[in-house]
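Student: First, the structure itself, so that you have it in front of you.
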Amino acid sequence: MWRGCRNALVVKENLRSRCVDVDNTCSLCGQERESQVHIFFRCEYARLFWFASSMQLDVPQIEGTDFRACWDNLLRKYGRVEHCNEILQCVVFGLWRLWKSRNSVVFYGCIWDPGDCVDDFHSQMQEYKAAQTSTKPLINKLPRPPEQQDRSNCTWTKPAQGWVKANCDGAWLKQMQRGGVGWVIRDDCCWMVLASSMGGLQGSMALVMEAEAIKEALLTFVETQLMHGKVESDSRLLMQMLKGEIN
Ligand SMILES: [Zn+2]
């Protein structure tokens, strides 16, 4: 928020104002100039996001020519209503979610469907509220997809002496039929040896991206001559398939 109010977020318009030669088209809608106020309040993507959220915020009505002015207007709009702090917390979470969506396009070539973005926003809010009302860590108690339900007791363990371990993960966007992968390789002292990611990959299901992540990690083992390496994925289904335990 501080960086937003100082107009210090690395959006394309700010890059151009600092003489960086980039196309200044919005990463999310591809139509307007990418300024802070556009990404968070004027972009069609942002409009859909806010309207579909539990807040049903009609952002075109929030006046302001820059981020700070829009935030001031939000403070005036909600500053004196009941539960104003909770509402403003929601707004901040929403702004963060939009920023992450924008960065997902820029760095991974993956555009989130605004509906998925709203779902993620709501679950983050629930996690935050649950954490505030409990003295115990509640993240592991929140509902998880069936495949991930037995991960609550999982902790990372270092590989055996002389070995390295690659932790792999993939993400997939159904609407685009595309996704991205990432992997981190650590040695037996827990030091990170290598890490990389790749976006814009085509695939028909999330499992394909999980498999792509493992494939890229294995290729990295070969290219870097790490002969004693093992891979780990958070997809139990894929690991069982690779081990031949299920077809
Ligand atoms: Zn836009």
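The values are calculated or read from the model by the stated rules, or taken from the named source; none is laboratory data. In this text the structure is predicted, and so the values were computed from the model without any measurement. Every residue, glycine as well, gets a Cβ built from its backbone with ideal geometry; the counts of neighbours run over all protein chains shown.
Student: Can you tell me how many residues within region 91-128 are more than 25 Å from Leu201 (Cα to Cα) and either at pLDDT below 90 or not hydrophobic (A, V, I, L, M, F, W, C) (or both)?
Tutor: Residues that pass the stated criteria total 8.
Student: Go through the residues of region 88-99 one by one and say whether even a single one is surrounded by 13 or more Cβ atoms within 10 Å (Cβ to Cβ) and in contact with a Cys (Cβ under 9 Å, 6 or more places away or on another chain). Give the derivation first.
Tutor: So the first thing to find is which residues in region 88-99 are surrounded by 13 or more Cβ atoms within 10 Å (Cβ to Cβ), and the list is 88-99.
From the residues that got through so far, the ones that are in contact with a Cys (Cβ under 9 Å, 6 or more places away or on another chain) too are 97-98.
The answer is yes; a qualifying residue exists.
Student: Give the residue that is modelled with the lowest pLDDT, with candidates limited to residues of region 32-69 that are within 15 Å of the ligand (Cβ to nearest atom), surrounded by fewer than 22 Cβ atoms within 10 Å (Cβ to Cβ) and farther than 20 Å from Cys117 by Cα.
Tutor: Ranking the qualifying residues of region 32-69, first place goes to Glu32.
Student: Any residue that is of a type in the set (S, T, N, Q), over 18 Å from Lys12 (Cβ atoms), surrounded by 15 or more Cβ atoms within 10 Å (Cβ to Cβ) and in contact with an Asp or Glu (Cβ under 9 Å, 6 or more places away or on another chain) - is there at least one of those in region 73-81?
Tutor: Yes, region 73-81 has at least one match.
Student: Could you list, ordered by first residue, the pairs with Cβ atoms under 6 Å in which the first is in region 1-27 and over 29 Å from Leu88 (Cβ atoms) and the second is polar (S, T, N, Q) and assigned to a loop (DSSP other than H, G, I, E, B), at least 6 apart or interchain?
Tutor: Arg16/Asn24
Student: Could I ask something else about it? Output the residues belonging to region 105-125 that are surrounded by 13 or more Cβ atoms within 10 Å (Cβ to Cβ) and free of Cβ contacts under 8 Å to residues at least 24 places away in the same chain. Break it down into steps so the answer makes sense when it comes.
Tutor: Within region 105-125, the first condition is being surrounded by 13 or more Cβ atoms within 10 Å (Cβ to Cβ), and the residues that meet it are 105-106, 108-114, 116-122, 124-125.
Within region 105-125, Asp119, Asp120 meet the criteria.
Student: Moving on to the next point. Take the residues in region 196-216 that are among the aliphatic types (A, V, I, L, M) and closer than 18 Å to Gln240 by Cβ; name whichever of them is surrounded by the fewest Cβ atoms within 10 Å (Cβ to Cβ).
Tutor: Met205
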